[in-house]
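Encoded as structure tokens, the structure appears first; notes follow it.
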Amino acid sequence: MPHQLVRSHYSPDGLEARIRAALGKAGISSIDGPIQPESLAALDQFHAGGLAATIDLIELLDPAPGARVLDVGSGLGGPARVLASRRRCHVTGIDLVPEYVAIAGWLSELCGLEASTSFTQGDAGVMSLAHASFDHAWSLHVAMNIQDRRRFYAGVRHALKGGGRFVSYDVVASDHPSLRFPVPWASTEDLSHLSTPQGTCDALARAGFAKVHSIDRTQQARASLAQASAGPAGATPALSLGAVLGPRTAEMVANFAHALQVGTARVIAFIATGPSH
């Protein structure tokens with residue numbers, strides 16, 4: 001039942017039709033050749049900070065050309081495409097929502113990146129991947145929906161080669177969180193599983209990561225959400241988070257922005273390194 005609720009939250013009725021309509025309205029197609037993955041950023045960079053945050057996280061992950069990277073909770077595949085394009089590596093995305101997996105593959109074809117990205121349906125909380133099958137891994141705004149963090153992180157650790165890096169970019173809670181719902185990752189409180197920064201670091205360490213450090217990105221996230229809440233002058237742009245989350249998007253973003261403003265939530269990048277095998 002929890003999985004069904006998460007899927008329903010992220011995949012409201014008519015998702016694919018809305019996205020196709022948004023792309024058509026924005027005049028985006030591959031008729032004249034592959035499109036740049038960055039041109040989809042307003043639609044598929046589904047995390048605080050958007051494309052700028054993705055570029056920042058690419059620098060933290062720092063994969064070499066040809067590296068195999070695991071993207072846990074890959075959504076519509078936006079970060080995976082930017083990473084694959086900029087670093088010439090292969091990214092494998094796993095996501096709980098079947099509609100996201102299908103749309104991510106289609107958008108990668110539009111960008112000419114179907115050979116360097118692949119997407120499959122799966123549960124990040126209980127995934128079972130081949131041991132040491134990836135050089136690095138990342139997840140962007142995913143752990144907030146996962147209650148058993150140690151199991152989640154242990155699954156990622158199992159899939160990494162010795163010394164591989166894992167970058168987790170997440171919303172975290174203060175010691176006394178009090179959120180207004182809905183927020184972008186949860187329509188109701190029972191879908192939200194925020195951990196504190198220390199709790200996250202402890203869970204990563206218990207999962208077998210040898211080195212863990214964190215970088216607070218709350219200020220950048222707050223600024224990006226303020227801009228999203230204000231919106232552009234005139235009409236709502238064709239490509240926006242609203243095409244994904246539907247009519248309650250503005251309320252979700254406003255509640256998230258409020259949490260960051262009053263300090264009940266923060267946004268932090270965790271960089272964890274596995275020990276050598």
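The values are calculated or read from the model by the stated rules, or taken from the named source; none is laboratory data. Source: prediction; values computed, not measured. All Cβ positions, even for glycine, are placed from backbone atoms using ideal geometry, and neighbour counts span all protein chains on display. We work out accessible area using only protein heavy atoms, side chains counted, and drop any ligands, DNA or RNA first. Shrake-Rupley method; radii C 1.70, N 1.55, O 1.52, S 1.80 Å.
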- [ ] Working only within region 6-42, note down all residues that are modelled with pLDDT under 90, over 13 Å from Leu110 (Cβ atoms), surrounded by 15 or more Cβ atoms within 10 Å (Cβ to Cβ) and not charged (D, E, K, R).
- [x] Val6, His9, Tyr10, Ser11, Pro12, Leu15
- [ ] Taking the options Gly242, Gly208, name whichever one is open to solvent by 10 Å² or more (accessible area, probe 1.4 Å), among the small types (Gly, Ala, Ser) and at positive phi.
- [x] Gly208
Task: Hey, Gly66 assigned to a loop (DSSP other than H, G, I, E, B) and either polar (S, T, N, Q) or surrounded by fewer than 24 Cβ atoms within 10 Å (Cβ to Cβ) (or both) or not - done: yes
- [ ] Residue by residue through region 51-63, note down the ones that are open to solvent by less than 20 Å² (accessible area, probe 1.4 Å) and over 21 Å from Leu96 (Cα atoms).
- [x] Ala53, Leu57, Ile58, Leu61, Pro63
Task: Test result for Ala203, touching a helix residue (DSSP H, G or I) at 6+ places or on another chain (Cβ under 7 Å) and surrounded by fewer than 14 Cβ atoms within 10 Å (Cβ to Cβ) - done: no
Open item on the list: So Asp170 passes all but one of these: (1) farther than 16 Å from Val6 by Cα; (2) of a type outside the set (A, V, I, L, M, F, W, C); (3) open to solvent by 20 Å² or more (accessible area, probe 1.4 Å); (4) out of contact with any Pro (no Cβ under 8 Å at 6 or more places or on another chain). Which condition number does it fail?
Closed with: (3)
Open item on the list: Here is a list: Leu51, Leu61, Leu83. Which entry is of a type in the set (A, V, I, L, M) and in contact with a Lys or Arg (Cβ under 7 Å, 6 or more places away or on another chain)?
Closed with: Leu61
Task: region 97-114: number of residues that are open to solvent by 30 Å² or more (accessible area, probe 1.4 Å) and either touching a residue at least 24 places away in the same chain (Cβ under 8 Å) or closer than 20 Å to Gly14 by Cα (or both) - done: 6
